[in-house]
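The values are calculated or read from the model by the stated rules, or taken from the named source; none is laboratory data. Computed from a predicted model, the values in this text were never measured in an experiment. Virtual Cβ from ideal backbone geometry, glycine too; neighbours counted across all protein chains shown. Surface accessibility is based on the protein's heavy atoms, side chains included, excluding ligands, DNA and RNA. Shrake-Rupley method; radii C 1.70, N 1.55, O 1.52, S 1.80 Å.
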Amino acid sequence: LVAGTAAVFLQLVLGAAMRHQHAGLAIPDFPSAYGQWWPATDSESLLRYNQRRTHESEVTAFQIHLQMVHRLGAVLCFSLIWGAAIQTVRRLGRGALLSRGVMVWAGLVLMQFSLGMLTIWTNKAADVATLHVAGGALLLLNGTVLILVARKLTVAARSAAPVTPVGVIAPTAVS
């Protein structure tokens with residue numbers, strides 16, 4: 001839970017950096033990036049990309065790298081959250097409070113991943129981009145709440161369990 005939430009936080013920082021660097025559409029296609037898995041950013045390639053762009057601003061190598069790191073971060077967040085969901089459900093069962101919360105989190109990250117793709121495919125339509133930003137905030141909130149719930153459940157379980165001090169022999173029933 002902590003790793004997934006930390007990854008979401010870092011992904012939000014990357015998203016904000018992209019917004020302020022105007023790198024949201026530095027790469028206009030998905031899943032490829034200028035037709036490649038990792039686009040070239042040499043001066044010749046940048047010149048070619050910028051000649052094909054329909055936007056007024058030119059794209060830089062930094063913006064392309066920022067966009068690619070954001071894409072990799074999305075895969076990392078997705079993997080960590082789904083991994084946490086699978087592990088939690090296996091340990092606690094589907095009906096447990098924490099399992100239900102983590103399954104919601106897994107659904108939200110799937111939605112967020114889809115909104116990220118739609119943001120590119122719709123040329124950063126305002127409504128889709130706004131939902132994508134709000135979805136990121138919701139993922140962070142959900143992860144944080146899950147950490148707090150897990151901590152509370154762990155503390156409650158520890159305080160409910162009888163503790164035998166080290167070196168003391170537990171009493172046995174005498175028949």
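Filtering the stretch 35-67 to residues that are of a type in the set (Phe, Trp, Tyr) and part of a helix (DSSP H, G or I) leaves Tyr49, Phe62.
Cβ-Cβ distance below 8 Å, separation of 6 or more or different chains: which pairs start in the stretch 97-115 with a residue that is within 21 Å of Ala157 (Cβ to Cβ) and end on one that is of a type in the set (Ser, Thr, Tyr)? Listed pairs, sorted by first residue: Leu98/Thr88; Ser99/Thr88; Val102/Thr88. I'm trying to understand the selection: among the residues of the stretch 1-34, which are open to solvent by 40 Å² or more (accessible area, probe 1.4 Å), among the aliphatic types (A, V, I, L, M) and part of a loop (DSSP other than H, G, I, E, B)? Once the filter is applied, which keeps residues that are open to solvent by 40 Å² or more (accessible area, probe 1.4 Å), among the aliphatic types (A, V, I, L, M) and part of a loop (DSSP other than H, G, I, E, B), the stretch 1-34 yields only Leu1.
The set of residues in the stretch 100-133 that are in contact with a Leu (Cβ under 9 Å, 6 or more places away or on another chain) and among the small types (Gly, Ala, Ser) comprises Gly101, Ala125, Ala129. Between Val128, Val155, the distinction of being modelled with pLDDT under 95 and either open to solvent by less than 80 Å² (accessible area, probe 1.4 Å) or out of contact with any strand residue (DSSP E or B) (no Cβ under 8 Å at 6 or more places or on another chain) (or both) belongs to Val155 only. When Thr144 is tested against (1) under 30 Å from Arg53 (Cα atoms); (2) in a helix (DSSP H, G or I), exactly one condition is not met: (1). Evaluating His70 against the criteria (1) assigned to a helix (DSSP H, G or I); (2) surrounded by fewer than 19 Cβ atoms within 10 Å (Cβ to Cβ) leaves one unmet condition, (2).
Quickly run through the stretch 76-94 and pick out the residues that are out of contact with any Leu (no Cβ under 7 Å at 6 or more places or on another chain) and either crowded, with 18+ Cβ neighbours inside 10 Å or closer than 16 Å to Leu108 by Cβ (or both). Leu76, Cys77, Phe78, Ser79, Leu80, Ile81, Trp82, Gly83, Ala85, Ile86, Val89, listed by residue number. Considering only residues in the stretch 95-125 that are among the aliphatic types (A, V, I, L, M) and not in a helix (DSSP H, G or I), the one that is surrounded by the fewest Cβ atoms within 10 Å (Cβ to Cβ) turns out to be Ala125.
Take Leu110 and tell me if it is of a type outside the set (S, T, N, Q) and under 15 Å from the mean Cα position of the chain (by Cα). The answer is yes for Leu110. Cβ-Cβ distances below 6 Å connect the following pairs, each with a first residue in the stretch 37-55 that is modelled with pLDDT of 90 or more, a second residue that is open to solvent by 100 Å² or more (accessible area, probe 1.4 Å), and a separation of six or more residues or different chains: Asn50/Glu58.
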